[in-house]
1. In region 369-410, which residue that is over 32 Å from the mean Cα position of the chain (by Cα) and of a type in the set (Ser, Thr, Tyr) is modelled with the lowest pLDDT?
2. Within the bounds of region 227-249, is there any residue that is within 30 Å of the chain's Cα centre (by Cα) and over 18 Å from LEU355 (Cα atoms)?
3. Six or more apart or on different chains, Cβ atoms under 8 Å: show the pairs whose first residue is in region 431-442 and at pLDDT 95 or above and whose second is of a type in the set (S, T, N, Q) and crowded, with 21+ Cβ neighbours inside 10 Å.
4. Residues in region 208-225: is at least one of a type outside the set (Ser, Thr, Tyr), more than 30 Å from PRO143 (Cα to Cα) and in contact (Cβ under 8 Å) with a residue 24 or more places away in the chain?
5. One residue is enough: does region 474-484 have a residue meeting the conditions outside any loop (DSSP other than H, G, I, E, B), buried (at least 20 other Cβ atoms within 10 Å of the Cβ), assigned by TED's automatic domain parsing to the domain that holds LEU306 and more than 28 Å from the chain's Cα centre (by Cα)?
6. Among residues belonging to region 303-328 that are among the charged types (D, E, K, R) and surrounded by fewer than 23 Cβ atoms within 10 Å (Cβ to Cβ), point out the one that is farthest from ASP435 (Cα to Cα).
7. Does THR419 fit the bill of being in a helix (DSSP H, G or I), among the hydroxyl-bearing types (Ser, Thr, Tyr) and surrounded by fewer than 23 Cβ atoms within 10 Å (Cβ to Cβ)?
8. Using the structure shown, decide if VAL414 is modelled with pLDDT under 95 and within 28 Å of the chain's Cα centre (by Cα).
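The values are calculated or read from the model by the stated rules, or taken from the named source; none is laboratory data. A quick note: this is a predicted structure, and the numbers were derived from the prediction, not measured. Here the Cβ is made from the backbone with ideal geometry for all residues, glycine too, and neighbour counts use every protein chain on show.
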Amino acid sequence: MQSLLATLAHMTLHMIDSTPITCDALAAWARSGDRFAYSLAALQRLQSDREVVQQHIDSGAPVYGLNTGLGGNLAYRIDASEVMTFQEQVIVGRMIGMGEHLPLDVVRAAQLARVIGFARGGTGVSPEAAQAVMELLDRGVTPVVPMLGSIGAGDLGLSAHLAAPVIGQGEAFFQDRRYQGADALAAAGLKPVRLQAKDGLGLINASPITTGYAALVASDLAQVLLVAAAVAAMADEGYAANLSVFDPRIAAARPAGAQVAAAALFRALLAGSSLYASPPRSIQDALSFRTMAQLFGSTHAALEMLSSAVESEINGNSDSPLVLAAEGEMLSSPNFHPPMIALAFDCMAIALTHLATASVQRVLKLQNPALSGLPKYLSPVGGASVGFNAMQKTAAALHAEIRLKATPASLDAVVVSETVEDHATHALLCVRKLDEQVRLLRHLVAVEALVAAQAVSLRGSVNLGTGTQAVFDAVRSVVKPLQADRPCGPDAMSVEGAIFADSVAQQLRNAVRIAMANHKLRGTE
């Protein structure tokens, strides 16, 4: 216990209040070992809400989840003597999750999303229950939450697993060990809490799993897009493409999406390139090179929509019934339903497929001597050398997987719960699907980086742009230029680790910061 207290004493303490939280902030907190606590104002809001709940308990008026059954059991009135025992029943009976457990950073992000919701007010949970959830997060007790079981009409079934350790149920990780719920509490020096009226529903009736996971994906995606743009710009240099397509006058002539800012981003990444010092090799290149600003601009517009949807969930109140302390009311609310997240993530999956298609085409064209003016398959020895030709299959396979992940997940739903729940967003599936797609996109960008770096090396003495030099150096830090044929798959995996390192992303941000001063693209700040 002494060692635990000593460790806790050296962690940064974050006070959870009503201050708006961004996706990036929530992601950074979830992946830290920091400590968390409610502010005094948040605790006061919890107490004020609780007083309203008590007033409704005393009045005996029917309030959903307070003295009625849930879902298809709405008509059942809970006797006052059953209210307390009903709270644990609400949680235990809804632990429906199956499959592998969610990554621990996702669960910590979900815990944060839930305590942020408590701090905003409106949930009506008792201060004791809210503190119990906070203590799990603060002490590093991370519930085991299965991956499957949410239909995106709130995360009720998976949130039950998130809340279960509070009452000594379920499972949780603590200090890299997996425990039964009660044992995890004991290992962390905590005890199960006795739930009060409304606590059972208040702990689980929201979308914290979806929201937390979505915040992590949104934060990660901004960096992936920045690196992908730098790699595409390096492909420009390997191809000796015509850079006039990034002229600000062209982007401003039809400023769709975020293409004006995207064109500025490419100009910043390519600043100082020797391609600007001589006439272009071709008046007009293939669309995969010519439309980078349009494609990345559209994708960044989709990212802004996605991030806005997630941050509305983080900073909003999705509980039902919603407690309005100032008015002394409790209102049934449909805010647990997150269609905006589902639609935004499905839209982004389609946008990333467009980026992937262009990436594959650049990989192919860089290897075609008739188009690039470089040796066939970028092999300096020629003859029977395969060069990078075989990697075209890897790129095509990755593209097929990425395209498959673009299939919308929010289109259909099965009617459940006595036909009461006759619509579902499948928001969590949309988020998980996009996360998987982003991982595949990282692989494909690494293939493009490997091929583009070879093209740059073969083209000879050129000055790279400030941003493209950063990714070129990252590639060459782990992989030498290809001479004789060698295994390129392992090379691509090494390149992926190098170009997506945080240090490279920071170099890219530094390279574009001044040039992007008048434009906003998430992840370039």
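1. Narrowing region 369-410 to residues over 32 Å from the mean Cα position of the chain (by Cα): 369-390.
Right, trim to of a type in the set (Ser, Thr, Tyr) and you get 372, 377, 379, 385.
Details: SER372: 96, TYR377: 97, SER379: 96, SER385: 92.
Per the stated criteria, the residue is SER385.
2. First, the residues of region 227-249 that are within 30 Å of the chain's Cα centre (by Cα): 227-236, 246.
Right, trim to over 18 Å from LEU355 (Cα atoms) and you get none.
The answer is no; no qualifying residue exists.
3. Partner pairs satisfying both residue conditions: VAL431/THR210.
4. Of all residues in region 208-225, those of a type outside the set (Ser, Thr, Tyr) come to 208-209, 212, 214-218, 220-225.
Remaining after also requiring more than 30 Å from PRO143 (Cα to Cα): 225.
Filter once more, so that each one left must be in contact (Cβ under 8 Å) with a residue 24 or more places away in the chain: 225.
The answer is yes; a qualifying residue exists.
5. Step one: of region 474-484, the residues outside any loop (DSSP other than H, G, I, E, B) are 474-476.
With the extra rule that they be buried (at least 20 other Cβ atoms within 10 Å of the Cβ), the set shrinks to 474-475.
Of the ones still in play, those that are also assigned by TED's automatic domain parsing to the domain that holds LEU306 are 474-475.
Filter once more, so that each one left must be more than 28 Å from the chain's Cα centre (by Cα): none.
Checking region 474-484: not a single residue is outside any loop (DSSP other than H, G, I, E, B), buried (at least 20 other Cβ atoms within 10 Å of the Cβ), assigned by TED's automatic domain parsing to the domain that holds LEU306 and more than 28 Å from the chain's Cα centre (by Cα).
6. Restricting attention to region 303-328, the residues satisfying the condition of being among the charged types (D, E, K, R) are 304, 311, 313, 319, 327.
The next check asks that each one be surrounded by fewer than 23 Cβ atoms within 10 Å (Cβ to Cβ); those that pass are 304, 311, 327.
On the way: GLU304: 17, GLU311: 17, GLU327: 41 Å.
Looking at residues that are among the charged types (D, E, K, R) and surrounded by fewer than 23 Cβ atoms within 10 Å (Cβ to Cβ), I get GLU327.
7. Numbers: in a helix (DSSP H, G or I): no; among the hydroxyl-bearing types (Ser, Thr, Tyr): yes; surrounded by fewer than 23 Cβ atoms within 10 Å (Cβ to Cβ): yes.
So THR419 fails the test.
8. Details: modelled with pLDDT under 95: yes; within 28 Å of the chain's Cα centre (by Cα): yes.
Answer is yes for this residue.
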